[in-house]
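Let me begin by presenting the structure, written as structure tokens, before commenting on it.
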Amino acid sequence: MQKDCVLTLQVLSEFFHVVTRKNRMPLPDAAQQVRDLMILFPVVAASRESLSLAMALVQEHSFSFWDALQITTGKEAGVRRLVTEDMENQRSVLGIQLVNPFAGVEI
């Protein structure tokens, strides 16, 4: 089945953690948003293989562990483009193009 967008379990977990820290969003609202996203998009999780490859990426390319795990989990799910504000815009890693949606945006 062709998918135009997937979310990783890691991203959903990080979203919930960030929005509920320091009471930025009430817990029930944050939980509902995560449930809604899980209905809208397929959710993929890291495997043993993606974990092993992530550790190699950290060593070989100096990625943070969590960024490397995002890349390798995406690779395993067939992702060609990873939207992230944390990594270098337009860099290609393991055949995945990293895209920063805020690149070039002036604040």
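Read-outs: derived from the displayed coordinates by stated rules, not from any lab. Note that the coordinates shown come from a computational prediction; the quantities given were computed from them, not determined experimentally. No Cβ is skipped: glycine too gets one built from the backbone with ideal geometry, and neighbour counts run over all protein chains shown.
The table that follows gives values for the structure above.
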| read-out | value |
| --- | --- |
| Convex hull per residue volume in Å³, alpha carbons only, for the chain | 131 Å³ |
| Inter-probe distance in nm under a simple model that places probes 7 Å from Cα toward Cβ, at residue 103 and residue 14 | 1.7 nm |
| Relative contact order, percent, the chain [alpha-carbon distance under 8 Å, six or more residues apart] | 20 percent |
| Gain in span if fully extended, residue 85 to residue 39, counting 0.36 nm per residue against the direct Cα distance | 14.2 nm |
| Principal-axis tilt of helix 48-61 within the chain, Cα atoms, nearest 10 degrees | 70 degrees |
| Placed amide H near residue 93: partners under 5 Å, 5+ positions off or other chain | 98 |
| Potential extension, residue 62-residue 25 segment - 0.36 nm per residue separation minus Cα distance | 10.0 nm |
| The chain: angle of helix 27-40 to the longest principal axis, Cα-based, in degrees nearest 10 | 50 degrees |
| Prolate/oblate/rounded call for the range 48-87, Cα gyration tensor, a/c under 1.5 rounded | oblate |
| Other-chain or far-sequence residues with amide H under 5 Å of residue 45's (modelled H) | 9 |
| 222 nm mean residue ellipticity, helices alone, for the chain (DSSP H n ≥ 4; -39,500 (n - 2.57); rounded to 500) | -15500 deg cm²/dmol |
